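Take a look at the structure below.
The values are calculated or read from the model by the stated rules, or taken from the named source; none is laboratory data. Treat the numbers as computed from the prediction; the structure is a model and nothing was measured. For neighbour counting, all protein chains shown are included, and Cβ atoms are generated from backbone atoms with ideal geometry for every residue, glycine included. Just so you know, the surface numbers come from the protein's heavy atoms only, side chains and all, with ligands and any DNA or RNA stripped out. Shrake-Rupley method; radii C 1.70, N 1.55, O 1.52, S 1.80 Å.
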Amino acid sequence: MQELVGRLTALDPEASEGLKVIAYFDALVAGGVNTEALARGAAVLTGVPAGVRSPEAAVRVDPAGHRLPVGPSDWPTRTVAGDGSVWLERVGAAHANDAIVLERFALAVALLRSRRHPQADSSVQILLDADRSESERSQAAERLSLSGSALRAVATAPSVHPPGGPSALVVGAGGMLRATIVSGPDGAAGLSDVDGVAGIGRAGVATQLVRSWAEAQQAITLTDAAHRVVDIADLGVLADAVRELAATAARSPDVSALAALDNRAARVLDALVRGDSVRSAAQELGIHHSTLQGKHEHFARILGYDPREPVGRARYELASLLLRSMGR
């Protein structure tokens, strides 16, 4: 890590500072420090007071490492768990590394909490592990007091804890994620307010959460700035198609055509596809309908199909999902 930081310093100072932040918190976690030390580290890195709140402790420190009184706070926070949060007390515009410090601070606190309270975490991990027997998963569900047929797995970034039931850090196909189990038909209703993106698997009984977790991991790969929360159940057969075609998506002409569009063209095309009419799409975009009609004809030429026709819409939707699954 230190060698990598050194190499990047001359090329991109901001990137190297970000890596230093990651290395700093990794060292603190490896050293087994407590939450106060993590808060002190966040304060030192940012030069402003930092705080952490959990059932075990509420700590607020200044950049010199001195404890400060802890009371109600209006500072923007990042959730660590359903009952915990961290924050930085920056007055004015955020500095370049505030976001990554807050993210790594929250993740470090989450890791520390999982070490101190391993029972719930290990039960969640067992429940979502396809290599465990059904008996082991059933016992884990009993320990977590999970019942009913509307249990869903939710995937988020490690430092994000959505409202819901038990959660744990789980290493998935795309790296470390936070897995949270929500229950009931409205269990995922609060996810629209989550800081970051979230993928949701389909509902089922406790022993089907393995499938739901796999779907949640797929769903989070389909998120972007315009689609922050993706419920795999909303995609139906399209989710199956994306999974089957993901390996060859980069070679698809339909995907390549969308990838070649700039952000504005992509936004215009999306509004054109989803609008009830060209006129309504033009009103949404704030342009004259005759201008959008010309763009419609242009898109039909460069895509090789009419994106407002039924088959064209289907091609567009699938290509768009494949492009999102590639992180584009």
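In Å², what does the accessible area per residue of the chain work out to with a 1.4 Å probe?
Ligands and nucleic acids excluded, the figure is 50 Å² per residue.
Nearest 0.05, what FRET efficiency do ALA300 and MET326 give at R0 = 30 Å with Cβ-Cβ as r?
0.80
Hey, what did region 248-317 get for relative contact order, percent, Cα under 8 Å, at least 6 apart?
26
Take the Cβ-Cβ distance between THR248 and ILE287 as r, set R0 to 45 Å, and report the resulting FRET efficiency rounded to the nearest 0.05.
E between THR248 and ILE287, to the nearest 0.05, is 0.80.
Multiplying the sequence separation of ALA150 and ASP74 by 0.36 nm and subtracting their Cα-Cα distance, what value in nm do you get?
Fully extending the segment from ALA150 to ASP74 adds 23.8 nm.
Find the relative contact order for the chain and round it to a whole percent, using C-alpha pairs within less than 8 Å whose residues are 6+ positions apart.
Computed value for the chain: 11 percent relative contact order.
Given a 1.4 Å probe and every protein chain left where it sits, what share in percent of the accessible area of region 182-320 is carbon and sulfur?
Within region 182-320, the accessible surface is 53 percent carbon and sulfur.
What does the helix-only formula give at 222 nm for the chain: each DSSP H stretch with n ≥ 4 adding -39500 (n - 2.57), the total divided by the residues, and the result rounded to the nearest 500 deg cm²/dmol?
Roughly -15000 deg cm²/dmol at 222 nm, from the helical runs in the chain.
What is the dipole size for region 202-328, taken about its Cα centre, with +1 at each Lys and Arg Cβ and -1 at each Asp and Glu Cβ, in debye to the nearest 20?
In total the dipole reaches around 200 debye.
Solvent-accessible area of PHE299, probe 1.4 Å, all protein chains present, reported in Å² to the nearest ten, please.
10
Given a Förster distance of 25 Å, report the FRET efficiency between ASN97 and ALA64 from their Cβ-Cβ distance, rounded to the nearest 0.05.
Once rounded, the FRET efficiency stands at 0.85.
Convert each backbone phi in region 228-243 into a coupling constant with the Karplus relation 6.51 cos²θ - 1.76 cosθ + 1.60 (shift: θ = phi - 60°), then list the ³J(HN,Hα) values in order as whole Hz, x for Gly and Pro.
Here the 3J(HN,Hα) series is 6, 10, 10, 9, 4, 5, 6, 8, x, 5, 4, 4, 5, 5, 4, 4 Hz.
About the Cα centre of the chain, what is the dipole size in debye to 20, counting +1 per Lys and Arg Cβ and -1 per Asp and Glu Cβ, all else neutral?
With Lys and Arg at +1 and Asp and Glu at -1, about 140 debye.
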